[in-house]
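Participant: Can you read through this structure? Questions will come right after.
The values are calculated or read from the model by the stated rules, or taken from the named source; none is laboratory data. These numbers were taken from a predicted model, which means no experiment stands behind them. Note: ideal-geometry Cβ built from the backbone for every residue, glycine included; neighbour counts use all protein chains shown. The accessibility values were calculated without ligands, DNA or RNA, using every heavy atom of the protein model including side chains. Shrake-Rupley method; radii C 1.70, N 1.55, O 1.52, S 1.80 Å.
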Amino acid sequence: KHRIKHNALTGSSPAEPRQFRSVAFFLTMVQYYEVVAPAELGGAPVKDGKSLSSKLVGRLSIGTIVSEEERLGERMRLKKVSGSGPDGGWVSIRLMVQIDAASVQERRQAAPYQGRSMLAAAEDQVEQEGAASALASGRARGEDGAALVLVAVALLTQGLPDAALEASLKALTLLRGAGSKDGEASAMLLGAVARLAKDDTKQAVHDALVALELFRAVGDRQMEASALSTIANIRLSLHDASAALSVAKEALAIFRELGDRQGEAAAELTVTDAYVAKDGADAARGAVASDKVAAHAARGDTANAVRSLLVAAAVAASGSGAGVEEAETLAAEALGKARSSGDRALLSDALVQASSIQILGGKVAGEALKLAQEALDVSLALGDTPRQAAALTALSRAELAKGDVGAAVERASEAEGRCSEDDFRGRARALQAMASARWAAGEARLAVEAVDAAVALCRQLGEKQAEADTLLVGVRAHSSQEGANAADSALTMAKDALAIYQLLGHRRGEAVAFQMIASMKLKAPGCVMEALTAAERARSTFLMLGDKRCQGLASHTVAQGNIMLGEFEFGLQTAMQAVVLARQSGDGFGEASALHTAAHAVLRMGRYPEALRVAQEVQALFKKLGAKDMQRVAEHMVAKIQEGIPSRGPGPRTYMQPHENAMLLGQESTPFEEHPTCVVWSVPVNSQLYIMYCLELLKLVDDLKTQASDTAILVTTQGVMARQLGQEMPATWLAVSASTVWALVRTVRLESPRLKISTVDLPPGASPHEITECLRSAQISSGPRNEVAFFLDRRNRMKSNQVF
């Protein structure tokens, strides 16, 4: 009954209200099913043909009982026995659960909840006769309060809020005059719903509050809950999510207390909307799933409690709850309840889910393999082919996690073979497992073919999350192929998956897609900043989800991007963060890879001894892991660093001796002019601002001008001028600001040409001995303009470039 009010707000469900009804039953040999589709879906969709592309004729509400007329794979032609929705059509068997004839008989004997208000009676008549017929019947009765309530309900059902409001106001006047509190409350609530549909929220909330007090006064608990649901929807339209959530929960508790299944389903929708508005879709799914688990457990409904636990586990595993550890706890609880219930089909579903979550959590693959094998044994005993395909798909994933690629391919192929022609969902999952196995086997082309087929099936089914998961497998497959087209296809798939995850509010999937995009952008020329942006998004999301392993991978990507931009210090920090996260999560390969990146950062900073130590540690880690290719890379890095580190013994040195033109021409050289005093003005190049030292340098120059002694001044910087002389240097702000020192010295030479002042740019990463050699060479000769810059080539020897 209360679906009318929710439809008036969202328009997302069938126009006809749905009410649980008991009717005559057929022979006990008929197969019966009960609809268990999530309330968020608005019920089980029914189509006029067996194809998924057939026309939608309506939806079956939760709790509706149907009988099986024909079965083709996962598609079933039904005949409605009890409940609301289309009388016949084709529906997915996955959205319902089989029940025995005894349960059907019990439900037939149990009277459904019947509302006693005038509004409830009007909604019942609209449901039974249809909106058009009920409207004609109400108008034929003339100016009667109950008839006008019926007319207003029918008009609301047809989506005519203006006419419905007019009818409800007339009914209110008549019923208030007749002294009918129930009628007055019904008319007030109808007016509130009509005003809500017209966006007149101020008057709507007033009418709903008045109706609430009237229903409480007459003791109608069902309509009290209906009024609370209406108030919650009005609060949502006013963007007051907290108040809406509180009121909707109160309504839901009353509906559950009364056993009104339809009211409960409608209130669950309102609660979900409130959670989404308050905390986002991500948190909403987890909260609603947990609430359903508690509700089913309180009613002693073991089967639905297990199904709700499995849904809650899937939500937690996707990052919408407390994470993978919470998902494992929920799946284990569901598995325990399924074992104790004796329902073998339910046990098979719980085993498959538990196996999948074990793999997602990175646990030992043996346990996941054991659970999947048990699920296969149970489904074989039941003779349930779709569940056998699901178990084989889980086995394929477990075999792949274990490292047995051949067995994974074989199991996926067997799973696809067990799927009937119309079992699109089973085939899609089997093809996805096949794609992963083919990619792991190095068969990228076959993996891409499997991905394309699986994506097509997922789109046909409308399963967005399965489509996004399959697209990520396609990203890996395309990335392992060569060529620009393969890279473009991989990037396109990653962006498509990202868009779907964002639409669904699937935070873990969104973060994984961002991480894949970042990895691909790092390899593309000129896309380092885009890669850093995507990697930072992934890192922050994994941090909020508490996934240390994936957070470490994203931090590693951030470190690589910063090193490529020349930000070695920050790159080193993030690389070491990745090392710690990988170590804490037990990811040995991730730890070694991040440490390898840290070694590169230390090396680029010129700290060769430290880089050698880190590289040797990386070499030992890869050797322990048995990663021979990466071990050889680390060995090569160690050799290069050892070659670059200067030896302790005497080696080749370059001395820049002063030569005059006469000496170069073979003539006798003139005596070398030596200065009795040499001042080396060394700026702390990596610590403070240069402008402060420029002022102090000016003071020193002024003092030396007044002295009679012949004094030479060497002003040093580090890593500044070499960039202007063909040597690639990191563009840091310190190096740029140090150029002011060179400008200052040039100005001093113009103002005081007799002052012997020279600028010397020292190479980054030079040892103390090498810096001494640079200063000695600059003291002897700093070039015709008294400016000289040094850089290091450790494979040969130190070189200098004089500025001309």
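Participant: HN-Hα J couplings of the stretch 261-268 from phi, Karplus 6.51/-1.76/1.60, θ = phi - 60°, integer Hz, Gly and Pro as x?
Facilitator: For the stretch 261-268, the Karplus-derived couplings read 5, 5, x, 4, 4, 5, 5, 4 Hz, x marking Gly and Pro.
Participant: Under 23 Å from the Cα of Lys198, which lysines turn up, not counting those fewer than eight places away in the same chain?
Facilitator: Cross-link targets: Lys1, Lys5, Lys170.
Participant: While we're looking at this one, here's another question. Distance in nm between label sites at Ser237 and Glu143, each 7 Å beyond Cα in the beta-carbon direction?
Facilitator: 2.9 nm
Participant: Provide, as a two-decimal number, the C-alpha radius of gyration of the stretch 147-230 over 2.2 N^0.38 Å, N being how many residues it has.
Facilitator: This ratio for the stretch 147-230 stands at 0.97.
Participant: So what is Rg over Rh here for the stretch 518-574, counting just Cα atoms and using Kirkwood for Rh?
Facilitator: We get a ratio of 0.98 for the stretch 518-574.
Participant: Not counting ligands, DNA or RNA, and with a 1.4 Å probe, what is Met630's accessible surface area in Å² rounded to the nearest 10?
Facilitator: Per-residue accessible area (Met630): approximately 60 Å².
Participant: Expected output is a single nm value to one decimal: the length gained when fully extending between Asp488 and Lys402, i.e. 0.36 nm times separation in residues minus the C-alpha distance. What is it?
Facilitator: Here the answer is 27.8 nm.
Participant: Does the stretch 190-320 come out rounded, prolate or oblate, given a ≥ b ≥ c as the square roots of the eigenvalues of its C-alpha gyration tensor, rounded meaning a/c under 1.5 and, failing that, prolate meaning a/b above b/c?
Facilitator: oblate
Participant: Can you order the peptides 145-153, 123-131, 292-300 by their average number of other Cβ atoms within 10 Å per residue, highest first?
Facilitator: Packing proxy ranking, top to bottom: 145-153, 123-131, 292-300.
Participant: Please turn the phi angles of the stretch 150-164 into ³J(HN,Hα) values with the Karplus equation 6.51 cos²θ - 1.76 cosθ + 1.60 (θ = phi - 60°), one per residue in order, whole Hz, x for glycine and proline.
Facilitator: Computed from phi, the couplings for the stretch 150-164 are 4, 4, 5, 5, 5, 5, 4, 4, 7, x, 10, x, 5, 5, 5 Hz.
Participant: With the alpha-carbon atoms as the only input, what is the per residue convex hull volume for the stretch 502-650 in Å³?
Facilitator: Cα-based convex hull of the stretch 502-650, divided per residue, equals 115 Å³.
Participant: On to the next question. Quick one: if you stick a label point 7 Å off each Cα along the C-beta vector at Thr706 and Arg176, how many nm between them?
Facilitator: 9.9 nm
Participant: Please list, ordered by chain and number, the residues whose modelled amide H lies under 5 Å from the amide H of Gly89; skip anything fewer than 5 residues away on the same chain.
Facilitator: Long-range HN contacts for Gly89: Leu78.
Participant: With N residues in the stretch 294-406, what two-decimal value do you get for its Cα radius of gyration over 2.2 N^0.38 Å?
Facilitator: With N residues counted in the stretch 294-406, Rg over 2.2 N^0.38 Å equals 1.03.
Participant: Taking the alpha-carbon distance from Lys640 and a cut-off under 21 Å, which lysines remain once sequence neighbours fewer than 8 residues away in the same chain are dropped?
Facilitator: Lys623, Lys628, Lys799
Participant: OK, next. Starting from the Cα-Cα distance between Leu382 and Leu750, subtract it from 0.36 nm times their residue separation and give me the gain in nm to one decimal.
Facilitator: Length gained between Leu382 and Leu750: 122.7 nm.
Participant: Full-extension gain between Arg632 and Gln584, please, as 0.36 nm times their residue separation minus the C-alpha to C-alpha distance.
Facilitator: So the extension gain works out to 14.7 nm.
Participant: For the stretch 203-275, report the % of Cα-Cα distances exceeding 21 Å.
Facilitator: Pairs farther apart than 21 Å: 18 percent.
Participant: So what's the Cα pair-distance distribution over the stretch 375-507, bin width 5 Å, in %?
Facilitator: Bins of 5 Å from zero give 2, 13, 20, 21, 19, 15, 7, 2, 1, 0 percent of pairs.
Participant: Let me ask something else about it. Given points 7 Å out from each Cα along the Cα-Cβ axis, report the Ser340 to Arg613 separation in nanometres with one decimal.
Facilitator: Result: 5.7 nm between the two label points.
Participant: May I ask you to derive the FRET efficiency for Ala620 and Glu68 from their Cβ-Cβ distance with R0 = 60 Å, giving the value to the nearest 0.05?
Facilitator: 0.40
Participant: Here is a follow-up. With 10 Å bins from zero, work out the P(r) of the stretch 345-416 over every alpha carbon pair and list the percent per bin.
Facilitator: 26, 55, 19, 0
Participant: Going highest first, how would you order 385-396, 575-586 by mean Cβ packing within 10 Å?
Facilitator: Highest mean packing first, the order is 385-396, 575-586.
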